[in-house]
Amino acid sequence: MSPERDYNIIVIGAGVVGPCIATALARQGRKVLIVERDWSEPNRIVGELMQPSGLKALRELGMIEAINDIDAFYTAGYLVKNYNEDVLIPYSYKQDLKLVEEPVPGCVKDGNDKLKDDKDTEAGISVKDWESDERIRGVAFHHGRFVMNLRKIATQEPNITKLQGNVTSLLKNDLDACIGVEVEDDSKNRKNYTAELVICTDGIYSKFRKELFLSKKPQVGSYFVGLELQNAIVPKLHYGHVIMGDHAPILMYQISQTKTRVLCAYRSEKLPPKNDVLKYLNEVVLPSFPAETQPSLIEALSKDDCYRAMPNQYLTAKTNTIPGLAFIGDALNMRHPLTGGGMTVGINDAALLARVLYDVRDLLDDATVSEKLAEFHYERKKLSSVINVLSIALFSLFDGDSKALLILRRGCFAYFKRGGKCVTDPVDLLSGLLPSPMILFHHFFSVAFYGLWLNYIDRGLIGFPLAIWENLCALYTAIIVFTPYLWDELVV
Ligand SMILES: Cc1cc2nc3c(=O)[nH]c(=O)nc-3n(C[C@H](O)[C@H](O)[C@H](O)COP(=O)(O)OP(=O)(O)OC[C@H]3O[C@@H](n4cnc5c(N)ncnc54)[C@H](O)[C@@H]3O)c2cc1C
């Protein structure tokens, strides 16, 4: 390590992604400082459902035990409800996926890539049960408990130093390269720490992303209003539920043996006033809820402060260009949380960044590091573009109330009902196991044309001229809710 720097790496933030990248780089022999402003257990409504590809990345990082002993609840896929119709979308069969795990160099040892039994196997994770399932699984959990496990794994690494404090600014040298951070501790004392590379994983409200994005701001299209149900009866155990109707989509999934998360999309670009939200929850969400789950929702709604709201933001990633600085996780890239892909992208980014930096001997060699960061930016696109674009496209379709969007939504639902590849490919795309933008493109436009075809049939011979007009509008809508996002993700 360079004698003029305190650490090889400083990681800002110990949420989901920070501990993953810190652990990987420490296991590769780097001296790492991880700074978090609050090491106590987070209590948030985010990051509670992990797609199978996120679990795969955790195994490749040798951190899979982060899902142990937190009362995690496995997920088997999705149940999509469109008014009174249902379609079941299970995750794919393991034998069809033929997954190959590629350990991140230096990270996997002593079986830390193998799932373990929970201490309480009666209620928790049982390896036998997971392995005997012919289908791949995802997992849901309490976000805070999962983050605490990730932090525990990270801070057990001898090469990692943990620090409680708020990073207030980045230190720069005369050439405008980042050389460290200024940290304010709980007593408001400030101290500087230097490193060869600073990695920002400071999340959704990142203070430092403006360094990279300059004036570009994340788009807020809607809010998620989150409630927690106790002992709820859900229509299909172990499945995430997506409920569509004359309202913005509602998401529901069990996060432990007793708790079920409900996330209701709310169309607003600003934090909605409490009275409006409560009215919406009682008058729109409650009646659209499955009958068997309604009593738990009524109970949740009767409590004071029954909900919390979070903005749903979208931000396309940008190549890291500032010497000495790198961004990953939500600080770099965000998508709609409807498809539960944020942690999957972030953890895969941590694995990929550790892979590309593995053979860099000198992190102060700016030319080599920026080449590696460009490689990282290019390589991550396959997975991130699919998850990000799918999240936005599905939200547009499921949220739509215009005729054009309703045609597409119906096409999507009917497409899933056809089964076979019309279900397996979309669910593999969503779960991050089929990182192919071309296959996403193919299915998105197959859905669109299927919707147009169904609309022609509905309108019949007499309504044919009207159907032509409606279908042109629907096709135009399909193009604008999909292609600009795919372009941004793949080309920018
Ligand atoms: C409503 C909602 C629901 C979601 N649901 C899911 C889901 O089900 N599945 C999924 O995969 N993803 C989901 N996501 C996305 C997911 O939560 C994020 O992608 C993920 O948490 C990103 O991890 P991160 O480490 O980048 O950021 P975070 O997990 O937010 O961590 C950032 C950390 O940085 C710390 N920090 C920030 N600033 C500083 C500073 N200046 N100094 C020191 N520390 C600092 C914070 O305290 C925090 O601990 C959801 C998002 C939203 C909005």
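Which one is nearest to the chain's Cα centre (by Cα), of the residues in region 309-358 that are more than 9 Å from the ligand (Cβ to nearest atom) and β-branched (Val, Ile, Thr)? Here the residue is 316.
Scoring residue 212 on the criteria (1) under 23 Å from the mean Cα position of the chain (by Cα); (2) closer than 13 Å to residue 325 by Cα; (3) within 12 Å of the ligand (Cβ to nearest atom) leaves a single failure, condition (3). You will find that of 451, 463, 432, 411, the residue that is outside the structural domain of residue 340 (by TED's automatic domain parsing) and free of Cβ contacts under 8 Å to residues at least 24 places away in the same chain is 463 and no other.
Within region 1-47, if we keep just the residues that are under 30 Å from residue 338 (Cβ atoms) and β-branched (Val, Ile, Thr), the residue that is farthest from the ligand (Cβ to nearest atom) turns out to be 23. The number of residues in region 178-208 that are open to solvent by less than 20 Å² (accessible area, probe 1.4 Å) and in contact with a Leu (Cβ under 8 Å, 6 or more places away or on another chain) comes to 11.
Sort out for me the helices (runs of 4 or more DSSP H) sitting completely within region 272-368 that have 1 or more residues that are touching a residue at least 60 places away in the same chain (Cβ under 8 Å) and surrounded by 20 or more Cβ atoms within 10 Å (Cβ to Cβ).
Numbers: elements: 274-280, 294-301, 342-357.
Of the helices (runs of 4 or more DSSP H) lying wholly inside region 272-368, those with at least 1 residues that are touching a residue at least 60 places away in the same chain (Cβ under 8 Å) and surrounded by 20 or more Cβ atoms within 10 Å (Cβ to Cβ) span 294-301, 342-357.
In region 151-170, the qualifying residues are those that are within 15 Å of residue 188 (Cβ to Cβ) and in contact with a Lys or Arg (Cβ under 8 Å, 6 or more places away or on another chain), and the one that is farthest from the ligand (Cβ to nearest atom) is 164.
Scanning region 451-492 for residues that are open to solvent by 50 Å² or more (accessible area, probe 1.4 Å), more than 28 Å from residue 334 (Cβ to Cβ) and either of a type in the set (Asp, Glu) or in contact with a Gly (Cβ under 9 Å, 6 or more places away or on another chain) (or both) returns 453, 456, 458.
The values are calculated or read from the model by the stated rules, or taken from the named source; none is laboratory data. Remember, it's a predicted structure, so these values are computed and weren't measured experimentally. For neighbour counting, all protein chains shown are included, and Cβ atoms are generated from backbone atoms with ideal geometry for every residue, glycine included. Accessible surface areas use protein heavy atoms only, side chains included; no ligands, DNA or RNA. Shrake-Rupley method; radii C 1.70, N 1.55, O 1.52, S 1.80 Å.
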